[in-house]
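Data first, discussion second: the structure below is written as structure tokens.
The values are calculated or read from the model by the stated rules, or taken from the named source; none is laboratory data. All values reported here derive from a predicted model rather than from experimental measurement. We place every Cβ from the backbone using ideal geometry, glycine too, and count neighbours over all the protein chains shown.
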Amino acid sequence: MRIGIFDPYLDTLGGGERYMLAIASCLSKHHEAYVFWDDPLILNKASDRFSLDLSNVHLSENIFSTKHFFFKRLLTSYRFDCIFFLSDGSIPFVFSKNIFIHFQFPVEWVNNRMLLNKIKLARVKQILCNSEFTKRYIDKKFGVKSVVIYPPSNIGISNQKSKITDKKNVILTVGRFGKLAEGRNFKKQDVLIETFKKMVDKGLSNWKLVIVISYREQDISDIGYLKNMIGDYPIETYENLRSDILDQKYKEAKIYWHAVGFEEDLHKHPELAEHFGMATVEAMARGAVPVVFDAGGQKEIVENNINGLLWDTIDELIEKTYDLTRNTKLWKTMSDKAIKRAHAFGGNDRFCKQINAFIL
């Protein structure tokens, strides 16, 4: 079969992009897989970033770009047996025989009553979501029954067991830099920097915060701002790491922090919560105990007080982190359970099997 994959955010190379390119990688083993994009280097960049095998994946001109005429999109799409489309809230109008739409987040701003949207949606074979959290909003918004396929892991969770012998006194946070329209930092790295500084000022010693961040060139000034916040505190930043180096950071960390959704109105804007949180799963698979904001997809991953800790306020984040730094037995118990919990989400083998089932 001839299969096309489109992601409007592909150049950001974030979690959603790994999801779509993992689809391409899986399907390329037995089908002709094409990614709609105009940058000829994008697959090389993605392969290096995500350690994905994209050697059998091809590029096709981006027919979804505004520079292409609508009728050219229709004509080109007709040549594909399947198209997988990551939606930014829109539903594509294409002539492919099988259309699969993937939602990474709630799209509450979409007008689902528009007749055109209903016509386009009627031609969609299946809607996929990355979490039960996303599914709940998408199903209600469009009146559908979507299917949840959790993202694949960067580190082969289904095939590897973590060793925690190399652990250091490290709190880790991993995320792509993203700036909201109002200027706030989506992944809240700034919030975590200020929280850690507060803990150090109150006496925390022999611990460091490690921030792994990915970003695009246009974000470099904002990354500089984050670095300037650090000062002389024991905080390290690492940027645009390959997955093998990132894996080493996971192996070293004892605690994993996550703050997406903090101080946001998640009732009005549920898309500002973490949509799933594969970085949390990967950290847990390597024995880091998650201390994460109690919202969105994080609640599907972390079972509070069993294999991690959920928090709502900065005071709670500090208190629960202190508990782990001071109580080795508590940390070890939760670390062991975190590893077991992470394996429940599987890895690339599970993901490929689920994706391939749709096109049989």
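Structure notes:
- The residues on offer are 325, 321, and the sole one that is touching a residue at least 40 places away in the same chain (Cβ under 8 Å), closer than 14 Å to residue 254 by Cβ and touching a Ser or Thr at 6+ places or on another chain (Cβ under 9 Å) is 321.
- Of all the listed residues (51, 77), the sole one being over 29 Å from residue 218 (Cβ atoms) and touching a residue at least 60 places away in the same chain (Cβ under 8 Å) is 77.
- Residue within the stretch 35-57 that is in contact with an Asp or Glu (Cβ under 6 Å, 6 or more places away or on another chain) and within 18 Å of residue 354 (Cβ to Cβ) present: no
- Flag for residue 187 being within 24 Å of residue 296 (Cβ to Cβ), in a loop (DSSP other than H, G, I, E, B), in contact with a strand residue (DSSP E or B) (Cβ under 7 Å, 6 or more places away or on another chain) and not aliphatic (A, V, I, L, M): yes
- Taking the stretch 190-220 as the range and being over 17 Å from residue 278 (Cα atoms), of a type in the set (S, T, N, Q) and within 24 Å of the chain's Cα centre (by Cα) as the test, the residues that pass are 195, 218.
- Residues satisfying the stated conditions in the stretch 299-317, i.e. surrounded by fewer than 18 Cβ atoms within 10 Å (Cβ to Cβ) and out of contact with any Asp or Glu (no Cβ under 7 Å at 6 or more places or on another chain): 303, 304, 305, 306, 313, 314, 315, 316
- Hey, residue 142 more than 30 Å from residue 210 (Cα to Cα), at pLDDT below 90 and either crowded, with 20+ Cβ neighbours inside 10 Å or among the aromatic types (Phe, Trp, Tyr) (or both) or not: no
Let's see how each residue does on (1) part of a strand (DSSP E or B); (2) outside the structural domain of residue 338 (by TED's automatic domain parsing); (3) modelled with pLDDT of 95 or more:
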| site | (1), (2), (3) |
| --- | --- |
| 161 | no, yes, no |
| 164 | no, yes, no |
| 183 | no, no, no |
| 209 | yes, no, yes |
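- Checking each residue in the stretch 222-263 for being under 15 Å from residue 193 (Cβ atoms), part of a helix (DSSP H, G or I) and out of contact with any strand residue (DSSP E or B) (no Cβ under 8 Å at 6 or more places or on another chain) picks out 224, 225, 228, 229.
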